[in-house]
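The values are calculated or read from the model by the stated rules, or taken from the named source; none is laboratory data. These figures come from a predicted structure and were not determined experimentally. Glycine also receives a Cβ, built like all others from the backbone with ideal geometry; neighbour counts cover every protein chain displayed.
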Amino acid sequence: MVTTARPGRINIDLGSYKQPWLDYCMRHGVKPNDAFRRIVAKLIAEGVRGANERSDMDGGGKLRREIRLTAHEVELASRIAYKEGYSLNRWLTAVILARLGSGQQLGQYELEALGRSNLLLLSIGRNLNQIAKAAGVANKGPRRVPDERIAQLRQQINDHVNAVALLLARNIERWSAS
């Protein structure tokens, strides 16, 4: 084996195996370089899987499993995962967990929406504190809180509740079997 100036490249003299290798690749409709990369990836994955399985005998850790998909299936799944803010691996894990009954899995967009939700709740809390002060809690005597201010807060709370309900409904719909 001789390496070249390109660090990701390996040159191998296949000797008498070269023509059978090229014939094999042609029969299977794959380029020799791509087929070789698959072989290397499989061997490495098997080594990792074997190490994981040995370390998981005590029940700890995660197992690595291979899922075979067509190129078209990978492309479609990747698009969905990206659209929902997931990596492909995380999305596949979330699909499996949701179907196993571990609950719906929130994606990046839902987590961001819940983060915004928390900020809104903090804002509502500050407004309620201001109302309490205006109502005389701060030793200033009772004062009437403007009805429009209370209506405004009530609307903010209702909007927030509706936004979270919609978020959760969309999340449940995503993971339901279709």
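Assorted remarks:
- Segment 15-109 holds helices (runs of 4 or more DSSP H) entirely within its bounds, and those carrying 3 or more residues that are modelled with pLDDT of 75 or more and among the charged types (D, E, K, R) map to 18-27, 32-55, 71-83.
- Single residue of segment 67-92 satisfying the filter (touching a residue at least 12 places away in the same chain (Cβ under 8 Å) and either of a type in the set (Val, Ile, Thr) or assigned by TED's automatic domain parsing to the domain that holds residue 112 (or both)) that is surrounded by the fewest Cβ atoms within 10 Å (Cβ to Cβ): 67
- Against the list (1) of a type in the set (Asp, Glu); (2) closer than 26 Å to residue 159 by Cβ; (3) modelled with pLDDT of 80 or more, the condition residue 112 fails is (3).
- Of the residues making up segment 4-46, those that are over 30 Å from the mean Cα position of the chain (by Cα) and among the acidic types (Asp, Glu) number 2.
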